Amino acid sequence: MRKILVVGATSAIAEATARRFAAQGHHLVLAARRADRLEAMAADLRLRGAASVHSQAFDATDLSAHGGLLDHATQVMGGLDTVLIAHGTLPDQSACQLSVDRTLAEFQTNALSVIALCTALAERFEAQRRGCIAVISSVAGDRGRQSNYVYGAAKGAVSLFLQGLRNRLHRSGVQVLTIKPGFVDTPMTRAFKKGPLWASPDSVARGIDAAIRHGRDEVYLPGFWRPIMFIIRHLPERIFKRLSL
């Protein structure tokens with residue numbers, strides 16, 4: 001039975017994954033900015049079979065609050081061995097191009113706050129010599145594209161950071177999982193035209209749950225994104241820069 005903290009719990013992917021955790025009888029702590037949604041989620045997850053569910057309002061960009069959240073989760077569950085980090089925003093690329101402040105704010109949310117939280121977790125899990133740090137990055141971080149390079153750069157920074165962290169923590173028995181979803185049909189992407197490459201939050205959640213249970217290092221969700229991104233990463237720059245992606 002795991003003791004799981006879900007950060008950014010009210011996001012569509014995180015909520016779908018938490019439902020799977022609940023059905024397996026795990027202990028849960030939910031953290032997100034939307035305190036009103038957290039209580040409703042907690043009640044639902046208790047009905048779905050969670051051993052216990054607690055919630056805490058939390059702003060991941062407030063770095064000074066990270067330690068308190070980890071202490072709270074450890075206290076109410078009697079330990080902490082798994083953390084799913086799922087918070088983030090999808091920035092307006094055009095607006096970011098016109099504003100340094102907006103670009104840096106998006107980087108703070110999507111990269112720096114994640115890196116800070118992972119750093120605090122790494123110290124704790126390394127000391128206890130077990131645990132799982134699972135982080136939702138994105139296929140967008142595999143290569144910068146004109147349509148979303150602020151978001152992609154932030155996710156790319158997270159993915160690279162996790163590679164190094166995984167290398168460091170492997171000998172301590174700590175799993176570091178990089179989760180790279182492609183297009184997911186969520187409220188955050190409601191304005192986008194959907195097509196055959198789009199996945200549901202539940203299908204992504206199923207992949208996250210399996211990757212954690214099987215001790216995976218990195219997972220593309222759905223899996224067809226792995227060969228797609230292999231091709232995109234290896235396109236010569238002289239060709240790639242001419243594409244409208």
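Structural remarks
- Residues of the range 85-118 that turn out to be among the aliphatic types (A, V, I, L, M) and more than 14 Å from His66 (Cα to Cα), as a count: 8
- The residue of the range 21-37 that is farthest from His66 (Cα to Cα), among those that are touching a Lys or Arg at 6+ places or on another chain (Cβ under 9 Å) and part of a helix (DSSP H, G or I), is Ala23.
- Of Asp59, Asp36, all but one fail to be surrounded by fewer than 16 Cβ atoms within 10 Å (Cβ to Cβ) and either within 24 Å of Leu162 (Cβ to Cβ) or in contact (Cβ under 8 Å) with a residue 60 or more places away in the chain (or both); the exception is Asp59.
- Extreme residue, farthest from the chain's Cα centre (by Cα), among residues of the range 109-150 that are of a type in the set (Gly, Ala, Ser) and under 17 Å from Arg233 (Cα atoms): Ser147
- Checked against the criterion of being buried (at least 23 other Cβ atoms within 10 Å of the Cβ) and in a helix (DSSP H, G or I), the candidates Ala9, Ala18 yield just one match: Ala18.
- If the condition is being touching a residue at least 12 places away in the same chain (Cβ under 8 Å) and farther than 21 Å from Ser200 by Cβ, then the range 223-234 contributes Ile232, Arg233.
This table checks each residue for (1) at pLDDT below 95; (2) surrounded by 15 or more Cβ atoms within 10 Å (Cβ to Cβ).
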position: Lys193; (1), (2): yes, no
position: Leu197; (1), (2): yes, no
position: Ala205; (1), (2): no, yes
position: Ala210; (1), (2): no, no
position: His214; (1), (2): no, no
position: Trp225; (1), (2): no, yes
position: Met229; (1), (2): no, yes
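- Of the residues making up the range 97-105, not a single one is surrounded by 21 or more Cβ atoms within 10 Å (Cβ to Cβ) and either closer than 22 Å to Ile212 by Cα or of a type in the set (Val, Ile, Thr) (or both).
- All conditions but one from (1) within 25 Å of Gly173 (Cβ to Cβ); (2) within 18 Å of the chain's Cα centre (by Cα) apply to Thr61; the one that does not is (1).
- Of the residues in the range 43-62, at least one is of a type in the set (Gly, Ala, Ser), at pLDDT 95 or above, farther than 26 Å from Arg130 by Cα and out of contact with any helix residue (DSSP H, G or I) (no Cβ under 9 Å at 6 or more places or on another chain).
- Any hit, the range 79-86, residues being without any contact (Cβ under 8 Å) to a residue 60 or more places away in the chain and either under 26 Å from Leu169 (Cβ atoms) or part of a helix (DSSP H, G or I) (or both): no
- Among (1) at positive phi; (2) surrounded by fewer than 19 Cβ atoms within 10 Å (Cβ to Cβ) - the single one Gly88 does not satisfy: (2)
- Note on the range 161-183: residues that are under 25 Å from Asn148 (Cα atoms), surrounded by 16 or more Cβ atoms within 10 Å (Cβ to Cβ) and at pLDDT 95 or above total 8.
- Taking the range 141-189 as the range and being closer than 29 Å to Asp92 by Cβ, part of a helix (DSSP H, G or I) and of a type in the set (S, T, N, Q) as the test, the residues that pass are Ser159, Gln163, Thr189.
The values are calculated or read from the model by the stated rules, or taken from the named source; none is laboratory data. If you're wondering where the values come from, they're calculated on a predicted model, not measured in any experiment. Methodologically, a virtual Cβ is constructed for each residue, glycine included, from the backbone with ideal geometry; neighbour enumeration extends over all protein chains shown.
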